Amino acid sequence: MRLAVFTSKYPARIATFFERDMRGLLETGLEIDVFAISPLEASAWSHSLDLLGPGHLPRERVHHLTIGAALDRARPVLRRSFAPAARDALAVLGSAARYGPVRLAKTAYLLPKAWAWAAESAHRYDHVLAYWGNYAGTCAYAFHRLATPDVPFSIWLHAGTDLYRAPVFMREKLRYADNIITCCEFNQGYIRREFADVPRLEAKLHLCHHGLNLAEFPFQLEGRAPNRLLAVGRLSKRKGFDYLVRAAQLLRDRGVDVVVEFVGDGEERPALQALAADLGVADRVEFRGWQPFAGVREAMNRATILVHPSDGLGDGLPNVVREAMALGAPVVASDVAGIPDALQDGCGILVPPKHPVALATALARLLSDPAERRAIAGRARRRTEDKYDLWQNGARLAQLLRNTRRSEPLMAAPAAESRRSA
């Protein structure tokens, strides 16, 4: 089976779970072409995993277009199918406009790319998978409508603007899809609540956890620092990393010596550095910047605890939580979104979001109890083996995609219904 996969940006600094999911599918014998909306950033190839290197997915199977090239190459399909393309564009852009000029511009930007790829790839694929629900999902939808309307269409929903915030044209894409896939149990419930009126929703809704190649995540309890708190990810406001810095100050005031290590970068780095200085803990907070995956794994292997203090609905189930669980670093994280799905039953410690006192208290307790850290780590590793094995999850997803048949196409919703997506 030949699969067209639409994603937002690839290669990218943060694409490990995408790469793992694609390798899991490739291992089952699927042929994959990746269509990335964002322009190629060639330097980002250095952040790619060997797991999805050129020997598995040749770079010529990863497609990029500049907007100028897209406008030029879209002409043939627009000449053949101008009316349906125009109807789709009006419906999609009308939905995007209700979320403001930025989302409208981003949606307008992707449409010529969808049309250009449709002009070059008509009837070439057996299944179309939108890996993200928002912009990649819209691009895949527009592509599918023109290039391969008779083959199955699946959409995979994760988190953030992909599902929780500003879901442009989402209800229509879910109506149109043959499969609605998501990555954690929390998201299943969220989709059921927010999109209950989508026809055949329950029959189309499937859970597929992102997987780990557990051979690359050897369980390690020995050699960990006694007081090193690790946070990994983009330094953005929604990650709640400022609460970790505040918790570090509270721990210091209680006489608990800790070092906080941030691996990642982003727009909040200056604010976090300033906060650490204001609270008098700048000498205990380290910023490592972006690291290749080997560097991230090394940081997890020396950490006492992995901390993920999300401040609300942003991530679904953060990739770093599963990685730390596999490697043997006990996790303390916010009780939000899909995080409890992974850490329940004693596989980690959950704390209320935006609550530095509760976070500091949980960290102090765990730092003082090596036996409990080991017990949590053992339970967490067993959970990753049960739920997050890359090859098992990839095989299940491949079977779902292979067994799917295109249902009778549901056209884009009429204008009156489309307004309900706003």
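State yes or no: is residue 196 farther than 22 Å from residue 342 by Cβ, in the same structural domain as residue 143 (by TED's automatic domain parsing), without any contact (Cβ under 8 Å) to a residue 24 or more places away in the chain and in a loop (DSSP other than H, G, I, E, B)?
When the stated conditions are applied, residue 196 passes them.
Scan the range 56-74 for residues that are more than 18 Å from residue 139 (Cβ to Cβ) and either among the basic types (Lys, Arg) or in a helix (DSSP H, G or I) (or both) and report the count.
Counting residues in the range 56-74 that are more than 18 Å from residue 139 (Cβ to Cβ) and either among the basic types (Lys, Arg) or in a helix (DSSP H, G or I) (or both) gives 2.
Can you pull out every residue in the range 211-234 that is among the aliphatic types (A, V, I, L, M) and part of a strand (DSSP E or B)?
Once the filter is applied, which keeps residues that are among the aliphatic types (A, V, I, L, M) and part of a strand (DSSP E or B), the range 211-234 yields 212, 229, 230, 231, 232.
Could you grab me the full set of residues in the range 330-350 that are in a helix (DSSP H, G or I) and under 15 Å from residue 313 (Cα atoms)?
Result: 339, 340, 341.
Across the range 298-321, what is the total count of residues that are modelled with pLDDT of 95 or more and either touching a Cys at 6+ places or on another chain (Cβ under 9 Å) or not polar (S, T, N, Q) (or both)?
Of the residues in that region, 12 qualify.
Tally up the residues in the range 296-329 that are assigned to a helix (DSSP H, G or I) and either within 18 Å of residue 17 (Cβ to Cβ) or in contact (Cβ under 8 Å) with a residue 24 or more places away in the chain (or both), please.
So the count comes out to 15.
Looking at 76, 101, 112, can you tell me which residue is closer than 30 Å to residue 30 by Cα, under 27 Å from the mean Cα position of the chain (by Cα) and not acidic (Asp, Glu)?
Result: 112 is the single residue among 76, 101, 112 that is closer than 30 Å to residue 30 by Cα, under 27 Å from the mean Cα position of the chain (by Cα) and not acidic (Asp, Glu).
So how many residues does the range 31-78 have that are touching an Asp or Glu at 6+ places or on another chain (Cβ under 7 Å) and closer than 25 Å to residue 108 by Cα?
3
So, of the residues in the range 326-340 that are touching a strand residue (DSSP E or B) at 6+ places or on another chain (Cβ under 6 Å) and aliphatic (A, V, I, L, M), which turns out to be farthest from residue 375 (Cα to Cα)?
Among those that are touching a strand residue (DSSP E or B) at 6+ places or on another chain (Cβ under 6 Å) and aliphatic (A, V, I, L, M), it is 339.
From the set of residues in the range 135-164 that are without any contact (Cβ under 8 Å) to a residue 60 or more places away in the chain and either outside the structural domain of residue 102 (by TED's automatic domain parsing) or not in a helix (DSSP H, G or I) (or both), which is surrounded by the most Cβ atoms within 10 Å (Cβ to Cβ)?
157
Across the range 351-375, what is the number of residues that are charged (D, E, K, R), in a helix (DSSP H, G or I) and farther than 19 Å from residue 339 by Cα?
Counting residues in the range 351-375 that are charged (D, E, K, R), in a helix (DSSP H, G or I) and farther than 19 Å from residue 339 by Cα gives 3.
Kindly indicate whether residue 28 is touching a Gly at 6+ places or on another chain (Cβ under 7 Å) and under 21 Å from residue 4 (Cβ atoms).
Considered against the rule, which asks whether it is touching a Gly at 6+ places or on another chain (Cβ under 7 Å) and under 21 Å from residue 4 (Cβ atoms), residue 28 comes out as yes.
Answer yes or no as to whether residue 70 is in the same structural domain as residue 167 (by TED's automatic domain parsing), within 30 Å of residue 403 (Cβ to Cβ) and over 23 Å from the mean Cα position of the chain (by Cα).
Spelling it out, it is not the case that residue 70 is in the same structural domain as residue 167 (by TED's automatic domain parsing), within 30 Å of residue 403 (Cβ to Cβ) and over 23 Å from the mean Cα position of the chain (by Cα).
Considering the range 215-237 alone, what residues qualify as being closer than 19 Å to residue 328 by Cβ and out of contact with any Ser or Thr (no Cβ under 7 Å at 6 or more places or on another chain)?
215, 216, 217, 218, 219, 220, 221, 222, 223, 230, 231, 232
Going by the structure shown, is residue 195 buried (at least 16 other Cβ atoms within 10 Å of the Cβ) and over 29 Å from residue 13 (Cα atoms)?
yes
Do you know which of the residues in the range 336-347 that are on the phi < 0 side of the Ramachandran plot and small (Gly, Ala, Ser) is modelled with the lowest pLDDT?
Filtering the range 336-347 for residues that are on the phi < 0 side of the Ramachandran plot and small (Gly, Ala, Ser), the one modelled with the lowest pLDDT comes out as 338.
Answer yes or no as to whether residue 7 is out of contact with any Leu (no Cβ under 6 Å at 6 or more places or on another chain), among the hydroxyl-bearing types (Ser, Thr, Tyr) and closer than 24 Å to residue 115 by Cα.
Yes; evaluated as a whole, the condition is true for this residue.
Hey, residue 175 hits all of (1) at pLDDT 95 or above; (2) basic (Lys, Arg); (3) in a loop (DSSP other than H, G, I, E, B) but one; which does it fall short on?
Of the numbered conditions (1) at pLDDT 95 or above; (2) basic (Lys, Arg); (3) in a loop (DSSP other than H, G, I, E, B), the odd one out for residue 175 is (3).
I'd like to check something: does the range 243-265 contain any residue that is basic (Lys, Arg), within 29 Å of residue 368 (Cα to Cα) and modelled with pLDDT under 95?
no
State which residue is nearest to residue 266 (Cα to Cα) when the search covers only the range 13-55 and only residues that are part of a loop (DSSP other than H, G, I, E, B) and touching a His at 6+ places or on another chain (Cβ under 7 Å).
13
So, in the range 353-403, exactly how many residues are among the charged types (D, E, K, R) and free of Cβ contacts under 8 Å to residues at least 60 places away in the same chain?
7
When the residues of the range 78-121 are filtered to those that are of a type in the set (D, E, K, R) and either outside any helix (DSSP H, G or I) or in contact (Cβ under 8 Å) with a residue 12 or more places away in the chain (or both), which remaining residue is surrounded by the most Cβ atoms within 10 Å (Cβ to Cβ)?
113
The values are calculated or read from the model by the stated rules, or taken from the named source; none is laboratory data. In this text the structure is predicted, and so the values were computed from the model without any measurement. Glycine gets a Cβ as well: all are built from the backbone with ideal geometry, and neighbour counts include every protein chain shown.
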